[in-house]
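Shown next, in structure tokens, is the structure this report addresses.
Readers should treat all values here as calculations from the given coordinates under stated rules, not as data from a laboratory. Every value quoted in this text rests on a predicted model; they were computed, and no experiment measured them. Positions of Cβ are backbone-derived with ideal geometry, glycine not excepted, and every protein chain shown enters the neighbour counts.
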Amino acid sequence: MGSCSEHVYCIEAYWLKSGSNGIATLWVDGVSTINVTGRDTDNYGDVTQVRFGIAEGYNIASTTIYGDDVIISNKYIGPV
């Protein structure tokens with residue numbers, strides 16, 4: 001097995017569906033890393049599921065990703 005980082009990341013996402021004022025925000029350890037506002041997010045539909053893992057990877061070795069303490073909320077939780 002390869003090396004494993006002992007760092008735990010707190011990843012949070014916020015999505016607001018709107019025809020003209022949609023919002024998508026991503027926080028990592030309480031720091032806003034992506035913040036998109038004022039967009040038409042209607043075309044992307046409702047958030048009906050959350051997926052965790054690597055979406056795409058090219059030329060990477062076997063990788064293990066662990067997920068723990070998943071919280072679904074309609075308000076900001078903040079890093080734990």
Inset, instruction - Name the residue, out of 35, 21, 43, whose mean-square fluctuation peaks in a Gaussian network model built on the chain with Cα pairs under 10 Å. - result: 43
Inset, instruction - Please state, as a whole number in µm²/s, the translational diffusion coefficient that the Stokes-Einstein equation yields for the chain at 37 °C and 0.692 mPa s, with Rh defined as the Kirkwood radius across alpha carbon pairs. - result: 219 µm²/s
Inset, instruction - Might you report the magnitude of the Cβ-based charge dipole of the chain about its Cα centre, with Lys and Arg at +1 and Asp and Glu at -1, to the nearest 20 debye? - result: 180 debye
